[in-house]
Amino acid sequence: MLHGLRNVVRDQIAVPSHPSPRRLGNQFGCGRAKRGRARDRVSFDALLFEFLRAEAEELEVDWHVVQQADGAEPSSQDWKNLLHLVSSAQPKMEESLLNCERHLLLVHAGLIARYDMMSILETLRDRTGQDVPCPGAWVLVATDQQSDMPLLDHAEIPLISPGQRAIVSEPWIDNLHRGRRIHDNHEIHEIH
């Protein structure tokens with residue numbers, strides 16, 4: 001398992017997938033990745049809202065209108081306007097992510113598919129470790145392992161090869177491979 005993750009890091013963008021959505025986010029951010037390579041943990045949803053609010057302010061769009069558009073039918077003009085706002089904010093988000101000087105661990109990535117932003121993952125895949133400061137990116141997604149490729153809201157994550165993904169098991173997140181024992185999701189002691 002660990003050998004596979006080392007190979008994924010070399011391939012720049014990785015998609016560690018995990019079988020249980022309830023375990024994503026804070027627990028992974030505080031686990032193994034913290035002791036590995038230097039990286040920045042970024043909530044994609046929080047970053048998106050930050051950039052959407054800034055874009056709405058710049059265009060003098062009432063934030064309440066943006067929130068209402070999120071609940072509109074996909075065929076409505078309100079939804080189309082929301083996606084236009086998202087597409088206006090996306091290049092600024094990409095620039096922000098690509099200018100991070102450490103590896104990225106993107107969590108809470110569900111809105112990427114909802115707002116038709118899969119191209120942001122292609123940009124990260126193609127440019128990290130190349131012509132930008134960011135050396136690489138990981139996207140943490142939950143999976144039920146019913147598909148060979150990782151999905152976000154039924155949209156396939158754009159990978160070039162299977163080597164750009166890894167399945168991260170709950171015992172690995174719990175750090176059991178290093179001898180840590182967990183009881184009812186609480187660490188009880190280290191085994192040496």
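Read-outs: derived from the displayed coordinates by stated rules, not from any lab. Model, not experiment: these values are computed from the prediction.
What length, rounded to one decimal in nm, is gained on full extension from Ser119 through to Glu60, with 0.36 nm per residue of separation minus their alpha-carbon distance?
Net length gain for the segment: 18.6 nm.
Taking 0.36 nm per residue of separation and subtracting the current Cα-Cα distance, fully stretching the chain between Phe49 and Arg102 would add 16.9 nm. At full extension, Ile167 and Ser75 could sit 29.6 nm farther apart than now, given 0.36 nm per residue minus the alpha carbon distance. Here the Karplus curve 6.51 cos²θ - 1.76 cosθ + 1.60, taken at θ = phi - 60°, turns the phi angles of region 43-51 into couplings of 7, 4, 4, 4, 5, 4, 4, 4, 6 Hz, with x standing for Gly and Pro. For Ile167, the residues 5 or more places off, or on other chains, whose built amide H falls under 5 Å of its own are Ser17. For Asp40, nonlocal amide neighbours, meaning residues 5 or more places apart or on other chains whose placed amide H falls under 5 Å from its own, are His103, Leu104, Leu105.
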